[in-house]
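Enquirer: Can you read through this structure? Questions will come right after.
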Amino acid sequence: MTATLTPPDLLAQAAYDALAVVLDPELDEPITDLGFVRSLVVDGTEVVAHLRLPTSFCSPSFAYLMASDAKDVLVALPWAERVVVELDDHHDSDQINAGLAADAGYKGTFLHEAEHDLEELRATFRRKAHTAAMERCLTRLLRAQPDRPVEDLGSVRLRDLPADEPATQALLRRRAALGLPEHDGAPVLVDHEGTVPPPEQVPMALRRARSTRISIDGNAHFCRGLLRTRYPGSESGQTHRADGAEAADAAYDPTFVPLSSLTRPAGRSTARVPEEIQP
Amino acid sequence: MYTKDGESYFIVDAHIALWDARPENQRNIHGKQFIDCFYDYHRNLSPESEVWSYEDYLYQGGERLMEDIFTDGYVDHAIFQPAYLSEFYKTGFGQSEEAHALTQANPGKLTYNHNFDPRNGEQGLEQLHADAERFGLKGVKLYTAEWHGQSRGWKLDDPWAYRYFEACRELGITNIHVHKGPTIRPLDRDAFDVADIDHVASDFTDLNFIVEHVGLPRLEDFCWIATQEPNVYGGLAVAMPFIHTRPKYFAQIMGELMYWIGEDRILFSSDYAIWTPRWLIEKFVDFQIPQELAEYAPLTTDQKKKVLGLNAAKLYDIDVPAELRLPDADETATGPRQPESADLGVDRGADLASV
């Protein structure tokens, strides 16, 4: 971050904090946690923000969503009179930045390539974020209650989840985003419309949800890693992501103690033997 | 061939390239952006000892390719999967002439797959017939995010694409390698959407669709489609190197693939020259699903042998020494391969901390 962020520049801090509501829809995380805000400068009533992404070829639809959402929240600051948001080093930077400067909107920015809007895209990824949060809670429950059969997961209610756990809180936020009920008698294993699968389909529903969770966690860490490779020093703008963290994350995050170091190392079923030596 | 602990592995590298990304071949800034993106993948996921200089990375040439893949890399057979990218590179990214010449000069070692673009219409169809004859094509590599004039992407279920698949059928091109996205058309939808693979695999059941990068970054969508279509395969290009920096994630990818599509439909690839095969093969043979991932069964030696070469050898009729062959698993053609093992956590004594 630039020096303008440090107190006493409270306006710059306020502008940066405002950007925390802008999510990367695919990774389900604020751009301020991912290190995607390259710089933010406030000069009087003018705000200039530069965003950066892990590669030049990140999907332009997501890139546009994040950049235009960033502009929206900065424009909404009551004291901001002039707002410039620019996306750096992307294959569509010129097109996106011109569209943002002209407030051309999605269709005005992408012309023949845009059909309607990006709301369905947002909805798709809100559903995936919920699916992943749900799977995290249910798999934790399975591990904590080894006698509970997988098929029984359809009967789990919100009240059965530990209320003070971050995973439960995260699930409740994702449910709210989809308009799913939040009362403690509501079933946990549901699709985006709140439907519980029949018992015989519960194991497969859990496995599908698991593949979604793995995918999001994997992408989130890979994207963070690529950003650090592309922009040395950008780790200072990234917060630790516990979901999907691995031993290698300790290399750039000294506060991080991998869970695997507290449990057993890999390599359980076959003994490690030294490399065969040919006579 | 790779031998370790008395076990021999027949190796097929199902996705390699001979590219030229040097500045003199770059058509515009996107040519630089594209190879820089690859180089960041390479730097981010490789062990330190395997990282190349940027200059080495721009272009390797045939001699170095043969050394990296065959002399040092244990590979028995490798398959070129060239990306064209003519809007970014003057002579294209994958070097067809050079790769084909190398294939001719090394009989039995290399297979040259070519590419097509259905937006080239009738003319492209004629070209496909000519290419099939000239190169003796058994497979093609399709990149749906290819830019082409005003269009920045296409879908496998576009009407013109169907004309090309019908031609593939006639010409005996049975292996369709698909690299998804980021496809810009239609921009409203997910750029990595794999739904078109579902349609085309159902309509061309006599063709094999090998989805490169196992659909990453949409592993979940890929698994769901692939489990329903017996002619959809998963290529491990780009997924393999996670074995080094993110072994838990790699174990999860393998665990999901074994559950949804099974041991007979997963193909090893180094994605050379993004990575080199030697270290990937060594690590994969040593690899095991960590105990903390209680939801997955351990990988067996036979499963590793299939992934490393036997599965691809079958698709390309590559001759495998009789003593190294393995029978197909006695598994369902569609649906989860291990439905009884939807969650193995209880049996395997997992601990909560690992989730």
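Enquirer: If only one of B:Asp36, B:Asp72, B:Asp40 is surrounded by fewer than 23 Cβ atoms within 10 Å (Cβ to Cβ) and either touching a residue at least 60 places away in the same chain (Cβ under 8 Å) or under 17 Å from the mean Cα position of the chain (by Cα) (or both), which one is it? Write out each step before concluding.
Expert: Numbers: B:Asp36 fails: either touching a residue at least 60 places away in the same chain (Cβ under 8 Å) or under 17 Å from the mean Cα position of the chain (by Cα) (or both); B:Asp40 fails: either touching a residue at least 60 places away in the same chain (Cβ under 8 Å) or under 17 Å from the mean Cα position of the chain (by Cα) (or both).
Every option except B:Asp72 fails the conditions.
Enquirer: Looking at (1) surrounded by 21 or more Cβ atoms within 10 Å (Cβ to Cβ); (2) within 24 Å of B:Arg337 (Cα to Cα), which is the one condition that is false for A:Gln201?
Expert: For A:Gln201, the failing item is (1).
Enquirer: Could you tell me whether any residue of segment B:289-306 is within 14 Å of another protein chain (Cβ to nearest Cβ), in contact with a strand residue (DSSP E or B) (Cβ under 6 Å, 6 or more places away or on another chain) and over 24 Å from B:Glu67 (Cβ atoms)? Break it down stepwise before answering.
Expert: We begin by selecting, within segment B:289-306, every residue within 14 Å of another protein chain (Cβ to nearest Cβ); these are B:289-304.
Okay, now just the ones that are also in contact with a strand residue (DSSP E or B) (Cβ under 6 Å, 6 or more places away or on another chain), so B:301.
Now narrow it down to the ones that are over 24 Å from B:Glu67 (Cβ atoms): B:301.
Looking through segment B:289-306, at least one residue is within 14 Å of another protein chain (Cβ to nearest Cβ), in contact with a strand residue (DSSP E or B) (Cβ under 6 Å, 6 or more places away or on another chain) and over 24 Å from B:Glu67 (Cβ atoms).
Enquirer: Follow-up. Go through segment B:222-256 and give me each residue that's without any contact (Cβ under 8 Å) to a residue 60 or more places away in the chain and either more than 10 Å from chain A (Cβ to nearest Cβ) or of a type in the set (Ser, Thr, Tyr) (or both).
Expert: Result: B:Ile225, B:Ala226, B:Asn231, B:Val232, B:Gly234, B:Met240, B:Ile243, B:Tyr249, B:Met254.
Enquirer: Out of (1) surrounded by fewer than 22 Cβ atoms within 10 Å (Cβ to Cβ); (2) away from every other protein chain (no Cβ under 12 Å), what's the single condition that is false for B:Phe209?
Expert: Status for B:Phe209: all satisfied but (1).
Enquirer: Quick check: anything in segment B:169-177 crowded, with 22+ Cβ neighbours inside 10 Å, within 14 Å of chain A (Cβ to nearest Cβ) and out of contact with any Asp or Glu (no Cβ under 9 Å at 6 or more places or on another chain)? Explain how you work it out, then say what you get.
Expert: Filtering segment B:169-177 for residues crowded, with 22+ Cβ neighbours inside 10 Å gives B:173, B:175-177.
From the residues that got through so far, the ones that are within 14 Å of chain A (Cβ to nearest Cβ) too are none.
Looking for residues that are crowded, with 22+ Cβ neighbours inside 10 Å, within 14 Å of chain A (Cβ to nearest Cβ) and out of contact with any Asp or Glu (no Cβ under 9 Å at 6 or more places or on another chain), one finds none in segment B:169-177, hence no.
Enquirer: Quick one: count up the residues across segment B:265-283 that are crowded, with 22+ Cβ neighbours inside 10 Å, part of a helix (DSSP H, G or I) and within 14 Å of chain A (Cβ to nearest Cβ).
Expert: Number of matching residues: 1.
FYI, it's all coordinate maths here, none of it is from the lab. The structure displayed is predicted, hence computed values, not measured ones. We place every Cβ from the backbone using ideal geometry, glycine too, and count neighbours over all the protein chains shown.
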